[in-house]
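Heads up, the thing below is written out as structure tokens.
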């Protein structure tokens, strides 16, 4: 075997090893997603028993692909390696939690991060301080212990919590930008921002209606006793 062939074989083996390592890491993050999802499902079930309604409308999870991890490492000018991905990327695993009301967003977030084995790494509140384009959501980076054959490890998970209305806007805004290949004229961006403001106002009005209905329900319960 000549030198060039040996070099190609070595590169191929190294690449295969790196891919295997990425798959192993993905399995750890997949386990972390399951842990967080289970915690959220338990909280939602308990809330339903206590308050006769579910604060969580639905959940979605996602795990970055190997290609996506590699592209982000390159884009951020990080070393392209498994250790670099684990060290520098905190959004390999992600869960999106869609709630009915704004108050539910903060209730679920507080109940989650106050659990003994959940460590809050970082929080970004884009509801109280929306992004310039109008995007609203509560973003958390939490660490959760995962128990594997080699022992206990802490794995970060990005948790995005938002209302149905916020998710409606974010989903359509994303699809519009994708369709326009990221180029959106300023007048359309301005209109999207105004729509986001209108949706936020509707969220607040629905929250107020919900609170009034709760008060009426409590008053009826008190009168019945």
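Just so it is clear, none of the values below were taken in a lab; they were calculated from the coordinates. On a predicted model such as this, the values are computed, not experimentally measured, just so you know.
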Which percent, to the nearest 5, of DSSP beta bridges fully inside segment 68-175 are antiparallel? 75 percent
Can you work out the base-10 log of I(q)/I(0) for segment 75-128 at q = 0.31 1/Å, using the Debye formula on its C-alpha atoms alone? -1.34
When only Cα pairs under 8 Å and 6 or more residues apart are kept, what is the percent relative contact order across segment 3-164? 25 percent
Return the whole-Å distance between the Cα centroid of segment 150-206 and the Cα centroid of segment 102-133. 16 Å
Reduced Cα scattering model of the chain, Debye log10 I(q)/I(0), q = 0.07, 0.12, 0.17, 0.18 Å⁻¹: -0.32, -0.80, -1.27, -1.35
Against the longest alpha carbon principal axis of the chain, how many degrees, from 0 to 90 and to the nearest 10, is the axis of helix 66-75 turned? 90 degrees
Relative to the chain, whose Cα atoms define the longest principal axis, helix 164-179 and its Cα axis are tilted in degrees, nearest 10, by 40 degrees
Helix 102-113 vs. the chain, principal-axis angle (Cα, 0 to 90°, nearest 10): 50 degrees
From the helices alone, meaning DSSP H stretches of at least four residues, give me the mean residue ellipticity at 222 nm for the chain, per-run term -39500 (n - 2.57), in deg cm²/dmol to the nearest 500. -20500 deg cm²/dmol
